[in-house]
Amino acid sequence: MIDDVLGPSLDVLFCGINPGLMSEATGHHFARPGNRFWPALHLSGFTPRRLTPAEQHLLPQYGLGVTNVVARPSAKASELTREELVEGGRRLAGLVAEVRPKALALLGVSAYRTAFARPKAIVGPQAELVGGASVWVLPNPSGLNAHWTLAGIAEELSRLRDHVRPHTRG
């Protein structure tokens, strides 16, 4: 099990689908070298430099946190059951209500659709709140997601950054 990275006064709580096997082995979120979360986070202006997975503990100083919809590690998110995603969505709503970030950012549109019964959701801001927070659905940064480039993922994160920090960059 990988610990959530949380802190007070979060601008954004990023939420992965579930830990990969490399993350399970290291105890760090988005640990696989091909994962684009850390470079996209920097390119979008959320962090002043590219952090490594081992530096995830620094995220709260930038107003950021990380969790997962489902705690169970797997090689691919497609190995998760619908029931796991729905239960994870309920747990996530409770966590968001407790932590109270400005925004919840789910990294994977298919997982969001299943976990929150929103079959037509698309990448971007959502009309519904989760746990009282605004919701943004972002592309899954996994290297297995060939539909999105690093630049495209960073651009979507930049849109979110502009929403939660309208007058600052980085």
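Among THR47, THR26, THR81, a tally of other beta-carbon atoms within 10 Å of each Cβ gives an order, fewest to most, of THR81, THR26, THR47.
If you take the square roots of the eigenvalues of the alpha-carbon gyration tensor of the chain and sort them as a ≥ b ≥ c, do you get rounded (a/c under 1.5), prolate (a/b over b/c) or oblate? Rounded, because the longest to shortest axis ratio a/c is under 1.5. In loop segments of region 1-104 as defined by DSSP, the trypsin sites (Lys or Arg not before Pro) with at most 13 further C-beta atoms inside 10 Å of their C-beta are ARG49, ARG50, LYS76. Note on THR81/THR149: beta-carbon distance plugged into 1/(1 + (r/R0)^6) with R0 of 41 Å gives a FRET efficiency of 0.85. Here the Karplus relation 6.51 cos²θ - 1.76 cosθ + 1.60, evaluated at θ = phi - 60°, turns the backbone of region 152-163 into coupling constants of x, 5, 4, 5, 5, 5, 4, 4, 5, 4, 4, 6 Hz, with x for every Gly and Pro.
Over region 79-170, all Cα pairs binned in 10 Å intervals from 0 give whole-percent P(r) values of 16, 46, 33, 5, 0, listed from short to long. Here's the picture: charge each Lys and Arg Cβ at +1 and each Asp and Glu Cβ at -1 in region 11-170, and of GLN61, GLY132, HIS163 the one pushed furthest to the positive end of that dipole is HIS163.
Sorting the segments 104-113, 53-62 by their residues' average number of neighbouring beta-carbon atoms within 10 angstrom, most packed first, yields 104-113, 53-62.
Subtracting the Cα-Cα distance of ASP3 and SER74 from 0.36 nm times their residue separation leaves 24.0 nm of extension gain. Sequence-ordered 3J(HN,Hα) estimates for region 74-90 from the Karplus curve with 6.51, -1.76 and 1.60 and θ = phi - 60° stand at 7, 5, 9, 4, 5, 7, 6, 8, 4, 4, 4, 5, 5, 4, x, x, 5 Hz, glycine and proline given as x.
3J(HN,Hα) couplings calculated from phi for region 118-128 with the Karplus curve 6.51 cos²θ - 1.76 cosθ + 1.60 (θ = phi - 60°) are, in sequence order, 10, x, 9, 4, 10, 4, x, x, 10, 6, 7 Hz; Gly and Pro show x. Label-to-label distance for ALA25 and ARG90 is 3.4 nm, based on points extended 7 Å past Cα in the beta-carbon direction. Taking amide H as placed 1.01 Å from N in the peptide plane, ASN35 has its amide H under 5 Å from the amide H of GLY143, each at least 5 places away in sequence or on another chain.
Throughout, read-outs are computed from the coordinates displayed, never taken from laboratory work. These figures come from a predicted structure and were not determined experimentally. Cβ atoms come from the backbone with ideal geometry, glycine included; neighbour counts cover every protein chain shown.
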